[in-house]
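A short write-up of the structure that comes next.
The values are calculated or read from the model by the stated rules, or taken from the named source; none is laboratory data. If you're wondering where the values come from, they're calculated on a predicted model, not measured in any experiment. Counting neighbours? That spans all protein chains shown, and the Cβs are built from the backbone with ideal geometry, glycine included. Each accessible area value is taken on the protein alone, full model and side chains, heavy atoms only, with ligands, DNA and RNA left out. Shrake-Rupley method; radii C 1.70, N 1.55, O 1.52, S 1.80 Å.
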Amino acid sequence: MIGRDSSVMKAWEATVRKTQAVAKKRANSIFGSTYMAHADEEDHGNKEGSNGREAHELYHAEKVLSNGDYYKGDWADNFPHGKGKYVWSDGCVYVGDWFRGKTNGKGRFSWPNGPNYEGEFKSGYMDGTGTYTASNGDVYKGQWVMNLKHGNGVKNFVNGDKYEGEWRRGMQEGQGRYEWGDGNYYMGEWKNGNICGKGSFFWGDGNRYDGYWEDGLPKGNGRYIWSDGSFYVGNWSKDPRDRSGAYYPAGSSEEGTLEWDPEEVFDALGKYEICEGEKVSVLPSQKRLAVWRSSKGGDSGKPRRMSIDGRVSVGVEKPSDRMQLWGCAEGDFSGTKTPPATGVGLDDELMAMQLDGAISRGTSQLQTLKAPTKSKRQGEVICKGHKNYELMLNLQLGIRHSVGRPAPSASLDLKPSAFDPKEKVWTRFPPEGSKYTPPHPTSEFKWKDYCPVVFRTLRKLFKVDAADYMISICGNEALRELSSPGKSGSFFYLTNDDRYMIKTMKKAEAKALLRMLPAYYNHFRAFDNALVTKFYGLHCVKLTGTAQKKVRFIIMGNLFCSEYTIHRRFDLKGSSLGRITIKPESEISETTILKDLDLNFIFRLQKSWFQEFCRQIDRDCELLEQEGIMDYSLLVGIHFKDISENGEIISSESHTPADSECEGTPCTSRADMDLLLLDPTRWASIKLGVNMPARVERTVRRNDCELQLVGDPIGEFYEVVLFFGIIDILQDYDISKKLEHAYKSIHYDPTSISAVDPRQYSRRFRDFIFRVFSEDS
């Protein structure tokens, strides 16, 4: 017990030290010298009361800001706080509860073109229960999460249609009932806003269809029942060649004859379309405030720009520039304000209150994208004299022994005993050799194989040839050790052909993998396109002698093993705290791992691939959530097809054959690419997450948003080849992560940190990924 308490305390102390260091670095980088110049002034204001409460006193205020915005309501500590009304210069209005400058509680937000939302808000987002009325008259009443319909809700369409049921990420998903204006209705399962799964369609004349659906039409086993009780049962498909079935008269168990074509059902269903919702141009969380830094005692004209969800502009300005922009008193529009000598004029600055203004200003300052500097081959070759040379030889000897050992051909249907964590094989490797092991030049060691039958079957499932596997890892070429270990303290090794990566792992990670191994195995049996990391073997080397050191390691596939150069690499989690690479552009190479706040693209996938991508992300996240896993990420690699001789990346609009080179990539048109993707036999190497032709659209972040996770698209497209997969899937939500969550939640926004429980992590991860990936129209 004492040992366990000691380890918990050590974990807590490590988390505290790490968080304090990040906070100090963040404060220094964000606020800069100009902010510090005003610190004494603000501290002085805060000391006016004996305990600082006077500076936070709640009072009623009416403020007309110099950009045309208007606020009337409760005010505290220079923020709207309590009940209040804010009118933006573009006509948007919010009336309701505020908490320190954020819409939080119950309120009503209305747009100038007619739509309005009335309900609950949280940290600037429509979040909770609320009613949205669109400009065309559609009304949704139900649950929301971060501006998206999510949970149970009812939507009445202006044409008379009605949907009542479950929603996820803004679309119908789960169980739901959709009724058309003529009274016919469907009741059953939905996926991504479309009828998909098991359900029933009821016609007004008493006929109905019970069975399976796909993309709004019957697909698979189903039964069509007439009002008199007779029915047709069989396999349904839009393609007549895949249909088969039999007719049974009412009250009879014997097959009858009927001249009837199931095509009639498909023709009838073709008239029933699902209404699409209205898209909102600007969301409440994107609206920004112009609020004053002065206290109640006097409005000194020092505002800061802020979004409703709490993001503050932290750009450094000269004091003289600030006075020129905001020098007039509150409500005084008569003074002439001279724009600063450098930077953006007042009119342009005020246009930032509108989303389009922010985008246009950002694009005018964009630099041309350039391919990163070429880096030498990753890793240091482990040769004789390297500190891990003996460990590498032990590993290669063990792999050769495990894979080369004769074994019966394993069935894919494994017995439960094969997954038992105690199912392991120890082998002793003396230097002089033994009956089963060859002589070797290193010290004696023991080799352990965990669940060998399961991993052998997984390699078979992944279509890995045993001989090729052994040659890659145990051939004449040495492994390469990556120059710096990961944040977890693990070391990574690459095979010479880059096909496999070997990672040392902690005992807790090995336990997590063994615990989830049955679910992991069944997941890959069910879904060929699973995006989670592929594991090929779990092993342990135990050195004999006084050290008695154990080294556990896992062998997995290298996602970026390709003939294409990977120009950009992104590790995406959907959190914001610390998720940025602090490196100048000149130091970013092809192997630099960029993070969420570095991402400046939206990934556009062809329709069928995008639908499969969404389905697979959902399946993989559900697996990880059920197994209690968090802190995983989507690793994305981008290969740009068109790069000029001087290293500039050429957008698809400006591409000409004379000024670009394709680096061996098939240069296809959009039409050719669509045909290519629709016929997988024409390009067998393409699969979900591997060698995927796609487009990326460049995005920009608004300067006045400190932590805008997803930038605004600007219509600049690039032809690319994508590689992606879900990595780091062995982190439990254990005591150290719970302590990290508790501590960081005190100092930062709880939604911005990585350490959250698996359910919340899965939801946030999916919401983010489905914002940065979209269908290419």
MET692 - accessible surface, heavy atoms, 1.4 Å probe, Å² rounded to 10:
0
Shape of segment 563-615 from its Cα gyration tensor (a ≥ b ≥ c, root eigenvalues): rounded if a/c is under 1.5, otherwise prolate when a/b > b/c, or oblate?
oblate
Run the simple label-point estimate for LYS607 and GLN367 please: 7 Å along Cα→C-beta, distance reported in nm.
4.0
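Per residue, how big is the convex hull around the C-alpha atoms of segment 463-572? Give it to me in cubic angstrom, could you?
Working: hull volume 18.2 nm³, N = 110.
Value for segment 463-572: 165 Å³ per residue.
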Largest first and in whole Å, give the semi-axes of segment 440-524's equivalent ellipsoid, each being the square root of 5 times a Cα gyration tensor eigenvalue.
22, 19, 15
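With N denoting the number of residues in segment 513-605, provide Rg(C-alpha) divided by 2.2 N^0.38 Å, to two decimal places. Walk me through the numbers before you get to the answer.
Values: Rg = 18.6 Å, N = 93, 2.2 N^0.38 = 12.3 Å.
Taking the Cα Rg and dividing by 2.2 N^0.38 Å, one obtains 1.51.
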Set of segment 162-177 residues, backbone N closer than 11 Å to the point 7 Å along the Cα-Cβ line of SER227:
none
Where ARG615, ARG579 fall by accessible area, highest first, once all protein chains stay in place (1.4 Å)
ARG615, ARG579
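Averaged over every viewing direction, what's the projected area of the C-alpha convex hull for segment 105-194? Give it in nm², one decimal, please. Please report the intermediate quantities before stating the final value.
On the way: hull surface 22.2 nm².
Over every viewing direction, the Cα hull of segment 105-194 projects on average to 5.6 nm².
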Is the shape of segment 506-565 best called rounded, prolate or oblate, per the rule: a/c under 1.5 gives rounded, else a/b larger than b/c gives prolate, else oblate, with a ≥ b ≥ c the square roots of the Cα gyration tensor eigenvalues?
oblate
Simple label model, 7 Å out from Cα along Cβ direction - ARG405 to LYS506, nm:
2.9
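Given +1 on the Cβ of Lys and Arg, -1 on the Cβ of Asp and Glu, and no further charges, what dipole in debye does segment 369-450 carry about its Cα centre, rounded to the nearest 20? Walk me through the numbers before you get to the answer.
On the way: 15 positive and 8 negative charges, 86 e Å.
Dipole of segment 369-450, to the nearest 20 debye: 420 debye.
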Label point distance in nm, ASP90-ARG428, each placed 7 Å from Cα along Cα→Cβ:
7.6
Net length gained if the chain between LYS550 and MET470 were fully extended (0.36 nm per residue, minus Cα distance):
26.5 nm
Rounded to the nearest 0.05, what FRET efficiency is calculated for LYS687 and SER589 with R0 set to 25 Å and r the Cβ-Cβ distance?
0.35
Peptides ranked, highest mean first, by Cβ atoms within 10 Å: ranges 153-164, 95-106
95-106, 153-164
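What number do you get for segment 188-233 when its Cα radius of gyration is normalised by 2.2 N^0.38 Å, N = residues? Walk me through the numbers before you get to the answer.
Working: Rg = 10.8 Å, N = 46, 2.2 N^0.38 = 9.4 Å.
The value comes to 1.15.
How long is the gain from SER135 to LEU58 if the chain were fully straight, where each residue apart is worth 0.36 nm and the alpha carbon distance is subtracted? Before the final figure, lay out the partial values.
Working: separation 77, 0.36 × 77 = 27.72 nm, distance 3.64 nm.
Length gained, SER135 through LEU58: 24.1 nm.
Output needed for segment 405-484: three equivalent-ellipsoid semi-axes, defined as square roots of 5 times the C-alpha gyration tensor eigenvalues, in descending order, whole Å.
On the way: eigenvalues 128, 71, 37 Å².
Three semi-axes, in Å: 25, 19, 14.
As an exercise, use a Förster radius of 41 Å and the Cβ-Cβ distance of LEU217 and SER652 to find the FRET efficiency, rounded to the nearest 0.05.
The calculated FRET efficiency here is 0.75.
As an exercise, use a Förster radius of 45 Å and the Cβ-Cβ distance of ILE727 and ARG100 to find the FRET efficiency, rounded to the nearest 0.05.
On the way: r = 37 Å, r/R0 = 0.83.
Calculated value: 0.75.
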Could you give each residue of segment 516-531 its phi-based ³J(HN,Hα) in whole Hz, using Karplus coefficients 6.51, -1.76, 1.60 with θ = phi - 60°, and x for Gly or Pro?
8, 4, x, 5, 4, 4, 5, 5, 6, 5, 7, 10, 5, 8, 3, 9
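What order do GLU189, GLU214, GLU173, GLU645 take when sorted by accessible area (1.4 Å probe), most exposed first?
Listed by decreasing accessible area, they come as GLU645, GLU214, GLU189, GLU173.
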Of all lysine pairs in segment 89-205 that are eight or more residues apart or on different chains, those with Cα atoms under 19 Å apart total 13
Need the full-extension length gain, GLN760 to ASN522, defined as separation in residues times 0.36 nm minus the C-alpha distance. One decimal, nm.
83.3 nm
Of LYS534/LYS687; LYS424/LYS463; LYS422/LYS511; LYS448/LYS549; LYS511/LYS737; LYS415/LYS435, which sit over 20 Å apart, Cα to Cα?
LYS424/LYS463; LYS415/LYS435
